[in-house]
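What follows is calculated from the coordinates using simple rules that are stated; it is not laboratory data. All of these numbers come straight from a predicted model, not from anything done at the bench. Methodologically, a virtual Cβ is constructed for each residue, glycine included, from the backbone with ideal geometry; neighbour enumeration extends over all protein chains shown.
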Amino acid sequence: MEVIKAENLTRSYGGNVVVDGVDLDVREGQILGFVGPNGAGKTTTWSMLTGVLNPTSGTVHVLGRPIDVNDTELKQQLGIVPDHSVMFESLTGEELLLSYARIYGLSREDAGQRTDEALSVFDLEDAARRPITTYSHGMRKKIRLAAATLHAPRVLFLDEPFEGMDALSARTVMSILQQMAEQGAAIFLTSHMLDYVERVSTHIAVIRDGKVLLSCSREEFRELPAAEGEDGAGRLENLILSISRRERFSRLSWISNRSAT
């Protein structure tokens, strides 16, 4: 079943097309890693898929319904974690999760149980009763992800979920995403952390200059030609660099000429 479907998705700003005719679909049990160079249109696409931004043209359907931030019934089935978001930072992590759990309609008992478990799994127990204002960037990422998954959403949208996380935290997040996908959730994520994308995604799409240039399964991606000794993340990096028309390594002239001065 197609859970997330975008058709001919386009967004322009003052005549500048930043997303150009994007078609995407994510089915039950799939994790789509959406990657590309800076300014390629990743976050703009993510914002249109989640209803944060209206497309100039094209359509987005989630669970068979047009995406609409005012569709309360649909929103109850979504988990959304933006790269940066305003949280109730005066709350403690525990208070935030309990509040989200009640918003999602969980009983007091379930809210308490899931909050305790989430704090444990995301290694936030020691910070549970501290105000979120004291949290590091990575900890804020984890508390946002914990809040977005309390109600076991059928669809999860993540923008740069691994940024600022240590390796152990990133591994925990990947494990949770894979668990959700195994239970039938559809997940769309953007990230610059190519190693994590290649490891966790079932499907990969690459965007450049607002156009999707590649969309395939992880198995198909791994069959692409690779340099000797190059692993999946290295292959993905080279692919993005090649479609960005950039050399793998760049040099600064004043550093290169240092020995000559």
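Any idea what % of Cα-Cα pairs in the chain are farther than 22 Å?
Details: 19765 of 33930 pairs.
Here the long-distance tail beyond 22 Å is 58 percent of all Cα pairs in the chain.
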Considering only the chain, percent of DSSP beta bridges that pair antiparallel, nearest 5: 55
Extension gain (nm, one decimal) between Lys211 and Asp110, 0.36 nm per residue minus Cα-Cα: 32.0 nm
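Taking a ≥ b ≥ c as the square roots of the Cα gyration tensor eigenvalues, with a/c under 1.5 meaning rounded and otherwise prolate when a/b beats b/c, else oblate, which class fits the stretch 106-156? List each step's numbers first, then the result.
Working: a/c = 2.25, a/b = 1.37, b/c = 1.64.
Oblate.
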Listed residues Thr44, Ala111, Ile4: farthest to the positive end of the dipole of the chain (Cβ charges): Thr44
Amide hydrogen neighbours beyond the local backbone of Glu28, cut-off 5 Å, H modeled: Val3
Per-pair calculated FRET efficiency, R0 = 35 Å: Thr133 and Glu7 via Cβ, rounded to 0.05: 0.25
Per-residue ³J(HN,Hα) for the stretch 150-157, Karplus 6.51 cos²θ - 1.76 cosθ + 1.60, θ = phi - 60°, Hz, x for Gly and Pro: 4, 9, 6, x, 7, 9, 10, 10
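Round to the nearest 0.05 the FRET efficiency obtained for Asp126 and Asp71 when R0 = 30 Å and r is the Cβ-Cβ distance.
Working: r = 38 Å, r/R0 = 1.26.
The formula returns an efficiency of 0.20 here.
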Lysine pairs meeting the criterion (Cα under 21 Å, 8 or more apart or interchain), as found in the chain: 7
Normalised contact order of the chain, rounded percent, pairs of Cα under 8 Å and 6 or more residues apart: 26
In range of the label at Gln183: residues from the stretch 18-57 whose backbone nitrogen is under 19 Å from the point 7 Å along Cα→Cβ: 27-32
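Quick one: net charge of Asp25's neighbours, Cβ under 14 Å, K/R +1, D/E -1?
With Lys, Arg at +1 and Asp, Glu at -1, the net is -2.
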Residue-span extension gain [Ser253 to Asn54] - 0.36 nm each, minus C-alpha spacing: 67.3 nm
Positive-end extreme of charge dipole, the chain - chosen from Pro131, Gly184, Val62 (charges on Cβ): Pro131
